[in-house]
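Enquirer: Next up is a structure, given as structure tokens.
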Amino acid sequence: MQDNAISSLEQTLIRGSGRALWLIDEQTDVTQFSSMANNSELQCLTNRIDQLSILETFNIDSRINDFDISGIAAPQRIFHRISKQKALVHHIINQAADLLPANGELWLSGFKSEGIKTYLKKAQDRLGGSLDIKRGKNSLYTGSISMGRKGNVLKDDDYAVIRPAVHEDDKDYYSKPGVYGWQKIDSGSRILKQQLIEAIAPTEKSLEILDLGCGYGYLSVAASALGKTSITATDNNLAAISSCRKNFEIHNITGQCVLADCGEGIDQLFDLVICNPPFHQGFSVDGDLTERFLTSARNHLKKDGMALFVVNEFIALPKKASALSFKVSELSHQSGFRVYKLNL
């Protein structure tokens, strides 16, 4: 379904002129950028590798970046379809105030229910210039804020700082804004951790483990405590990978953290694959994503290996896994989640 907030910014960009910078997080469907293909005035920054791949097919100058625009050449216009993360929106407004030239503009778009009107007012206070708002259908608001006399810096939860964010079992887990659920332990991951310990511990065998969709690395830390392990953690989100690397360092985990979309480009085979697929905003809950993670697990698993998946109870994982020649066993069903063991 087309996002009218993106379409509104797109029309504004095409009608205007001057170098433009578009800051993109998971709230933005980049498939809508096809109409801006080959636009030499546009540069996009995204913290997701899957979005980068799509943008590159449109021949748009695009980079992986966790929204640190301090080293970017000053654009005339900055665009952002507002994120669901308040810290990120505030961070982008602050960065725009520091980067835009005297006659530059920040363009924001979103819906009333997402807090766009408040963000536009905050942006005007921060940038200090004039505010021009256009209202569309279904309480859509698109606004431009010009540079003027800068006001106070907005609180952005220290967006760029990786810090201790979660504590469990005498362990600190490091994370930051920009990572989904960065200040909590996902319920599904906690349940999978329990089953992971019961399924493979204790063991004297050296294990090669793939954490598929690792987030800040909660499951990798759990897996590292099971014995002699080497862990490859992968996620498509740069903020997640940066946080996971910090946890590898803090907890002395042997292995690597790889920015990749569903494990693409990782050629190694593993004894164990662990996965809590990301069924939240920016990701589909339909079968395609489930199948992609299952296919990746199958392609990365040794013949005598095992995969452990946790999914919402409404996801028909056994049927999809069986179609990929997995043998499926249900290990747990609690709190709206199911944990499955998969063998080839």
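The values are calculated or read from the model by the stated rules, or taken from the named source; none is laboratory data. Everything numeric here is computed off the predicted structure, so don't read it as measured data. Using ideal geometry, Cβ is built from the backbone for each residue, glycine included, and neighbour counts are taken over all protein chains shown. Just the protein is used for accessible areas: all its heavy atoms, side chains included, with ligands, DNA and RNA removed. Shrake-Rupley method; radii C 1.70, N 1.55, O 1.52, S 1.80 Å.
Enquirer: Considering only protein heavy atoms, what per residue accessible area in square angstrom results for the stretch 1-87 with a 1.4 angstrom probe?
Expert: With the other protein chains kept in place, the stretch 1-87 gives 41 Å² per residue.
Enquirer: Could I ask something else about it? Considering only DSSP beta bridges with both partners in the stretch 232-344, what is the antiparallel share in %, to the nearest 5? The partial results should precede the final answer.
Expert: Values: 14 of 23 bridges.
Counting DSSP beta bridges with both partners in the stretch 232-344, the antiparallel share is about 60 percent.
Enquirer: Rg/Rh for the chain to two decimals, with Rh computed the Kirkwood way over all alpha-carbon pairs.
Expert: 1.01
Enquirer: Taking the DSSP beta bridges in the stretch 163-293 as the whole, what percent of them are antiparallel, to the nearest 5? Write out the running numbers ahead of the final one.
Expert: Details: 5 of 20 bridges.
Around 25 percent antiparallel, to the nearest 5.
Enquirer: Next question. Bin all alpha-carbon pair distances of the stretch 132-260 at 5 Å intervals from 0 and give each bin's fraction as a whole percent.
Expert: Spelled out per bin, shortest first, that is 2, 10, 17, 18, 15, 9, 7, 6, 5, 5, 3, 2, 1, 0.
Enquirer: Rg and Dmax of the stretch 124-197, Cα atoms, in Å?
Expert: Cα radius of gyration and Dmax of the stretch 124-197 are 20.1, 58 Å respectively.
Enquirer: Please list the three semi-axes, largest first and in whole Å, of the ellipsoid equivalent to the stretch 295-344, using sqrt of 5 times the eigenvalues of its alpha carbon gyration tensor.
Expert: Values: eigenvalues 74, 23, 15 Å².
Ellipsoid half-lengths, sorted descending, are 19, 11, 9 Å.
Enquirer: Evaluate Rg over Rh across the stretch 206-344, taking Cα atoms for both radii and Kirkwood's formula for Rh.
Expert: On the way: Rg = 14.1 Å, Rh = 15.0 Å.
Rounded to two decimals, Rg/Rh equals 0.94.
Enquirer: Amide H neighbours of Trp22 under 5 Å, at least 5 residues apart or on other chains, H built in the peptide plane: list them.
Expert: Correct list: Gln43, Cys44, Leu45, Phe79.
Enquirer: Once phi is turned into ³J(HN,Hα) by the Karplus curve 6.51 cos²θ - 1.76 cosθ + 1.60 with θ = phi - 60°, what whole-Hz value does each residue of the stretch 85-99 show in order, with x for glycine and proline?
Expert: 9, 4, 4, 5, 4, 4, 4, 5, 4, 4, 5, 4, 4, 8, 9
Enquirer: Continuing with this model, one more query. If we sort 138-149, 53-64 on the protection proxy, mean other Cβ atoms within 10 Å, highest first, what's the order?
Expert: 138-149, 53-64
Enquirer: While we're looking at this one, here's another question. How are the alpha carbon pair distances in the stretch 35-129 distributed across 5 Å bins from zero to the largest one, expressed in percent?
Expert: Cα pair-distance distribution for the stretch 35-129, in percent: 2, 12, 23, 23, 21, 14, 5, 0.
Enquirer: Also, I was wondering about something else. Count neighbours as other Cβ atoms within 10 Å of each site's Cβ, and list the GluC sites (Glu not before Pro) in the stretch 195-262 that are DSSP loop with at most 11 such neighbours. Before the final figure, lay out the partial values.
Expert: Values: sites: Glu198, Glu204, Glu208, Glu249; in loops: Glu204.
Passing both the DSSP loop test and the Cβ count: Glu204.
Enquirer: Run lengths n ≥ 4 of DSSP H only: what is the helix-derived mean residue ellipticity at 222 nm for the chain, with -39500 (n - 2.57) per run over all residues, to the nearest 500? Don't skip to the end; give the middle numbers.
Expert: Values: 9 runs with 101 residues, N = 344.
Taken over the chain, the calculation gives -9000 deg cm²/dmol.
Enquirer: Whenever you get a sec, compute what percent of the accessible area on the chain sits on carbon and sulfur atoms (1.4 Å probe).
Expert: 46 percent
Enquirer: Looking only at the stretch 218-248, which residues have a backbone nitrogen under 17 Å from a spot 7 Å from the Cα of Glu264 in the C-beta direction?
Expert: Of the residues in the stretch 218-248, 234-238 have backbone N under 17 Å from the label point off Glu264.
Enquirer: Just to confirm, what accessible area per residue do you get for the stretch 138-256 at 1.4 Å probe, in whole Å²?
Expert: Values: 5330 Å² over 119 residues.
That works out to 45 Å² for each residue.
Enquirer: Once amide H atoms are built 1.01 Å from N in the peptide plane, which residues 5 or more positions from Ala233, or in another chain, come under 5 Å H to H?
Expert: Here Asp211, Gln256, Cys257, Val258 satisfy the definition.
Enquirer: What whole-number distance in Å separates the alpha-carbon centres of the stretch 196-242 and the stretch 73-146?
Expert: Value for the Cα centre distance between the two parts: 39 Å.
Enquirer: Between Ser130 and Asp98, how high is the FRET efficiency from 1/(1 + (r/R0)^6) when r is the Cβ-Cβ distance and R₀ = 25 Å? Nearest 0.05. Mind showing how you got there, number by number?
Expert: Numbers: r = 19 Å, r/R0 = 0.76.
Efficiency, rounded to the nearest 0.05: 0.85.
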